[in-house]
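See below for the structure under consideration.
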Amino acid sequence: MTINEHAVTFAGKRVSDWNPQIGIINPETTLYRIATEYDGPEWTDLFADFVHDPAISQVTGIVVGQWTMDVGGDPFRVIEAIVSAREKLPKLNALFLGDITFEESEISWINQTDVSPLLEAYPRLEHFRVRGGDGLSLGTLHYDHLKSLIVETGGLARRVVLEVMGAQLPELKHLELWLGTDAYGRTCTVEDFGPLLAGQLFPKLHYLGLRDSDLADPLAVVLARAPILELIRTLDLSLGTLSDTGVQALLDSAALTHLESLDIHHHYCSDAMETSLVEAMKAAGVKLDASDNQRHSKYFDAERHYVAVGE
């Protein structure tokens, strides 16, 4: 998945654009996306109308789309508005901050901020997703109900990884981090993920996604001998630069057969290595997505591998 279209589902529910003329309908099954448009109302004005809807107390999730037409505007006022509305949203358990396509803003241009006030205001959140890494901070992650955490960036800061490594999230089942590239702000390293890969952090984790990464090969080499591989059900290394080196390391790991599914789509494996992986996963009964083979791109006669979402 890239970011060429808005989310159609989130937290297991359908996402619909908020329309003040229609109002909130079926809030138990529908999450509303609130976004500003050119020459349209400010995001905070749209949200003010939203929270005054008679059915607001039944809303279970919010998807925040584009909050400003100005490149460089961070979501501080958006966060402030959602935090202020916490008494009106007693059932809120899902938040997606930044459902913004590349046509609206490249991922590396999305300015984020400290989003911890959102998590603190809604401590019973079960699903939190955020897009954009510039200026992002998650704060202290000590929450008893969070089941999924998704951080999508074109370059993941070491600070954010260390916040996740220090988290206490006993119910976390789905962890998805888009690492991106150093060209667009990645400062994290493979070593920063040590506590996670050692299987020390999240006892209920069944999905681990280290996606969109130019570190896919060294991550795969470490993962192949990491205890976490025997604990999770799904390993997702898709959208990155995984090549024969990383796949061979995984194939050499007996723990790979403990998985239920492996996703490496958008990869740079040779045809022979892809065939070997397909045959091994079929024999082990592991569901595999090895689609979108990028082969080897050439740029000024140099071999270059690119993540799916960078700029």
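The values are calculated or read from the model by the stated rules, or taken from the named source; none is laboratory data. Everything numeric in this text was worked out from a predicted model, so none of it was measured. Don't worry about glycine lacking a Cβ; one is built from the backbone with ideal geometry, like all the others, and counts go over all protein chains shown. With ligands, DNA and RNA removed, areas are computed over all heavy atoms of the protein, side chains included. Shrake-Rupley method; radii C 1.70, N 1.55, O 1.52, S 1.80 Å.
Normalised by the empirical 2.2 N^0.38 Å for globular proteins, what value does the Cα Rg of region 203-265 take?
0.98
Send over the semi-axes of region 9-77's equivalent ellipsoid, whole angstrom and largest first, taken as the square roots of 5 times the C-alpha gyration tensor eigenvalues.
21, 14, 10
Treating only the Cβ of Lys, Arg, Asp and Glu as charged (+1, +1, -1, -1), what charge dipole size does the chain show about its Cα centre? Round to the nearest 20 debye.
1000 debye
I need the semi-axes of the equivalent ellipsoid of region 225-311: take the C-alpha gyration tensor, multiply each eigenvalue by 5, square-root it, list largest first in whole angstrom.
So the equivalent ellipsoid measures 24, 14, 11 Å along its semi-axes.
For the chain, what does the relative contact order come out to in percent, with C-alpha contacts under 8 Å and a separation of six or more?
Taking the mean separation of contacting Cα pairs over the length of the chain, I get 11 percent.
Leaving out ligands and nucleic acids, and using a 1.4 Å probe, what accessible area per residue does region 24-128 come to in Å²?
Per residue, region 24-128 has 45 Å² of solvent-accessible surface.
Can you tell which of Ala290, Ala255, Ala272 shows the greatest fluctuation in a Gaussian network model of the chain with Cα springs below 10 Å?
Ala272
In the chain, what percent of the accessible surface is made up of carbon and sulfur (1.4 Å probe, ligands and nucleic acids excluded)?
Answer for the chain: carbon and sulfur cover 48 percent of the accessible area.
What share of the DSSP beta bridges in region 134-238 is antiparallel, in percent to the nearest 5?
5 percent
Mind pulling up the Rg/Rh value for region 54-135? Radius of gyration and Kirkwood radius, both on Cα.
Reported Rg/Rh, Kirkwood definition of Rh: 0.97.
Under 37 °C and 0.692 mPa s, how fast does region 1-159 diffuse according to Stokes-Einstein, given a Kirkwood radius computed over C-alpha pairs? Answer in µm²/s, whole number.
Here the translational diffusion coefficient equals 209 µm²/s.
Stretch Arg86-Ala254 to full length: gain in nm at 0.36 nm per residue minus the Cα-Cα span?
Fully extending the segment from Arg86 to Ala254 adds 55.7 nm.
Treat region 146-265 as a sphere of radius equal to its Kirkwood radius over Cα pairs and apply Stokes-Einstein at 20 °C in a medium of 1.002 mPa s; give the translational diffusion coefficient in µm²/s, rounded to a whole number.
153 µm²/s
For region 151-194, just run the numbers: alpha carbon Rg, then divide by 2.2 N^0.38 Å, N being how many residues it has.
1.16
Among Pro54, Pro27, Pro203, which one shows the highest mean-square fluctuation when the chain is modelled as a Gaussian network with alpha-carbon springs under 10 Å?
Pro54
Quick check: pseudo-label points 7 Å beyond the Cα along Cα→Cβ at Arg304 and Lys204, how many nm apart are they?
My value for the distance between the label points is 4.4 nm.
Placing one identical point scatterer on every Cα of the chain and ignoring solvent, what is log10 I(q)/I(0) from the Debye formula at q = 0.08 Å⁻¹?
Rounded to two decimals, the profile gives -0.37.
Sticking with the crude label model, points 7 Å out along Cα→Cβ, report the distance from Asp70 to Gln294 in nm, one decimal please.
3.5 nm
With labels modelled as points extended 7 Å from the Cα through the Cβ direction, what inter-label distance (nm, one decimal) is found for Leu231 paired with Ala283?
Result for the modelled spin labels: 2.9 nm.
From largest to smallest, what semi-axes in whole angstrom does region 173-215 give when each is the square root of 5 times an eigenvalue of its alpha carbon gyration tensor?
Over the Cα atoms of region 173-215, the semi-axes work out to 21, 12, 6 Å.
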